[in-house]
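Each remark here refers to the structure printed beneath this line.
The values are calculated or read from the model by the stated rules, or taken from the named source; none is laboratory data. This structure is a prediction, so every number in the text was calculated from the model and none was measured. Cβ: placed from backbone, ideal geometry, glycine included. Neighbour counts: every protein chain shown.
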Amino acid sequence: MLDENKPRKKPLVQVKNLKMHFPIYRGILKRQVGAIKAVDGISFDIFEGETLGLVGESGCGKSTVGRCVLRLYEVTDGSIDINGTDIATLSGVELRAKRPEMQMIFQDPQASLNPRMTVGSIISEPLDEHMIMTRDEKRERVGELMDAVGLARRFADRYPHEFSGGQRQRIGIARALALNPKFIVCDEPIAALDVSIQAQVVNLLEDLQQKFGLTYLFISHDLSMVRHLATRVAVMYLGRLVELGDAETLYMTPRHPYTQALLSAVPHPDPAQAGNIERIILKGDVPSPANPPPGCTFSTRCPRAQAKCKQDSPKWREIGEGHFAACHFIE
Amino acid sequence: MLNYTLRRLMFTIPTLLLISFIIFIILDMAPNDPTGNLPLTIPPEVREKIRASLGLDSPMYIRYLLWCQQFFINEPLNLFNQWFGWCVGDCEGRLRVTSWATRSPVVDLIAERMPQTLWVVGMSYVVGILIAVPIGVISAYKQYSWFDQIGTLISMIGFSVPTFFTGVLLIVIFSVWMPNDSVFWLPSIYDTTLKVVDWSSFVQQMRQMAMPVMVLALFNAAQISRYMRASMLDNLSQDYVRTARAKGLKEKSVLLVHVLRNSMIPVVTVIALGIPQVFGGAIITEQIFKVNGLGQLLIIGIQGADIPLVQTLTFLFAVLIVLFNLVADILYGFLDPRIRYE
């Protein structure tokens, strides 16, 4: 069949061996005594027009990955290819010129908006910086963006504190859209919102994706929301990816023991059924990312861990069609 | 905002009346004697007559009410008379608040002294702010760099070394050790009679202001730069700064538009609250450099037990402090949109 020879969809974002180590300084002379390995060598692709969900428990390095991918941090090692340019090594000026293509929606819609700027100026500031537009054009563009995210245009002269959490997140989304980006990192955009508003914002994100052909990296710890939104899902544990695959496949047949444990923790919507789920309870705490265990980082808590796991780090390999995992015991 | 301001202004009236009464009580309880500086050969009954002629024989509340009448009614009427030529009531024989030591009206004394204080102390405040803001911004942006460390050291020196030491040190360096014909030689005594008419007298004015301004500017800059640095550090780690970077703004815009503007809110308050001190004069520094400003006037008044003078000066400082507190609050409302006064 011809279809089999058709190349796969083009990756928009290619991350290779990304590392982000934060140095730890101690003592009077402030000598570096170690590093927090927040992200320790992860690789993934994001295809054009898809949503890659990134899940994991608190402190596993999800947000750090998101910030590194947009180079809001100076990465320690690795390459981040966005639309053909490796942004990990770009200089300041070149990086700024690249910013319009890649944007971010932040977790805390209150703190991430400058309290002293009106909504209109928050949204139009990127236009001042990157485009040559007249005042009227800018006003019109701000109006369009506010329409697109469902905010009334008359709110343009108000300040962020005058809005509710959901509305503020819409301001943040309008701001991110201002420059027609291709790729948006959504860093837990719904975590600070209550449930009814979460659904509105997620639906808005989906509508905007269809309308503008956006590509998302959706970072969340809300597994059900990721299942609803994501095309593919990556699972992170202690600075490394443990499994990545199509959302449906991964949720139906998780292969990595950590993914299995994580998914078994999702509450069942039907209380009658809820008792029947066998939960995998992990023992112990997440090890410190400053001093990760040797071998497989999950070996200290893994129900299937054996001697080999404590010595050899499992390879990141393809275990099925577009399905990757890092575990010694997956066939 | 206007309603708020008017309401606050209304509240200042009873506040200030209370303050003036408290000042009066404190001065009345002070164990000093306006005749204490007179020669010891004056017999006690003559002293008693002198005291009676100053009005000290009447009860305290009568003297307070008299001062109130002189200060709150007669003095403003007199000002109107001098400025606009309007004459209400008895313009010639009206009783004004009069200094016991010099027998001249206190308000005239203050008006004579004000320009020197505003020039020297006011200039030092402006210079201090101009130095402090950039130091604070750079120290915070490059936290723990050598610039920050040196800035911290200088601030600590400015904070901890008293002005009577730095003042004398500067005099020793620039007036004593420096040869008289050098361009860096500076006069250690402020000449009030100097009139700025041409370039050379202007240069001379600048030279005689240089040392007192440096001493006070160091002290002011030390405080304000610390506030600026702390406020900048606070804002630099805020999420909206990351948003600004993600927008792809120039680092300059991120720093000056987003961070600096937000950091200025507490600093502007500190600056506004410090302005009454400018009018108060720097008592010690004026004394060292012989600047005959308000601070020196207050010292002379206290030494001579010149109660009307001290009462009026102290009360005027109180008025300025209350007013600039209000100014700081209103500025806060303008600078921070989250604060609304209704």
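Listed values, structure above:
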| item | result |
| --- | --- |
| Contacts under 8 angstrom Cβ, first residue in the range A:108-123 being more than 7 Å from every other protein chain (Cβ to nearest Cβ) and surrounded by fewer than 24 Cβ atoms within 10 Å (Cβ to Cβ), partner small (G, A, S) and not in a loop (DSSP other than H, G, I, E, B), 6 or more apart | A:Q110/A:G165; A:T118/A:A156; A:G120/A:A156 |
| Index of the failed condition, A:N83 passing every other in (1) closer than 20 Å to A:D187 by Cα; (2) touching a residue at least 60 places away in the same chain (Cβ under 8 Å); (3) touching a Phe, Trp or Tyr at 6+ places or on another chain (Cβ under 9 Å) | (1) |
| In the range A:43-84, residue surrounded by the most Cβ atoms within 10 Å (Cβ to Cβ) [restricted to those that are of a type in the set (A, V, I, L, M, F, W, C) and touching a helix residue (DSSP H, G or I) at 6+ places or on another chain (Cβ under 7 Å)] | A:L54 |
| Within the range A:12-60, tally of residues that are assigned to a strand (DSSP E or B) and under 12 Å from A:R240 (Cα atoms) | 14 |
| Breaking point among (1) part of a helix (DSSP H, G or I); (2) of a type outside the set (A, V, I, L, M, F, W, C); (3) more than 14 Å from chain A (Cβ to nearest Cβ), for B:N292 | (1) |
| Within the range B:174-214, tally of residues that are of a type in the set (S, T, Y) and assigned to a loop (DSSP other than H, G, I, E, B) | 5 |
| Of the criteria (1) crowded, with 16+ Cβ neighbours inside 10 Å; (2) more than 15 Å from the chain's Cα centre (by Cα), which one A:V13 fails | (2) |
| Within the range B:231-260, considering residues that are touching a residue at least 40 places away in the same chain (Cβ under 8 Å) and out of contact with any Pro (no Cβ under 7 Å at 6 or more places or on another chain), the one nearest to the other protein chains (Cβ to nearest Cβ) | B:L260 |
| Matching residues, the range A:54-101, being among the acidic types (D, E) and either closer than 16 Å to A:P181 by Cα or within 13 Å of another protein chain (Cβ to nearest Cβ) (or both) | A:E74, A:D81, A:E94, A:E101 |
| Looking only at the range A:302-324, and only at residues there that are part of a strand (DSSP E or B) and of a type outside the set (V, I, T), the one that is farthest from A:G284 (Cα to Cα) | A:G320 |
| Meets criteria (over 18 Å from B:N220 (Cα atoms) and modelled with pLDDT under 90) for B:S182 | yes |
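Yes or no, residue by residue, for (1) within 14 Å of chain A (Cβ to nearest Cβ); (2) in a loop (DSSP other than H, G, I, E, B); (3) not hydrophobic (A, V, I, L, M, F, W, C):
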| residue | (1), (2), (3) |
| --- | --- |
| B:F317 | no, no, no |
| B:V322 | no, no, no |
| B:Y332 | yes, no, yes |
| B:R338 | yes, yes, yes |
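Here is a yes/no grid of residues against (1) crowded, with 21+ Cβ neighbours inside 10 Å; (2) closer than 24 Å to A:T64 by Cα; (3) free of Cβ contacts under 8 Å to residues at least 60 places away in the same chain:
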site	(1), (2), (3)
A:V201	yes, yes, yes
A:G213	no, no, no
A:V226	yes, yes, no
A:A234	yes, yes, no
A:A247	no, yes, no
A:Y258	yes, yes, yes
A:A272	no, no, yes
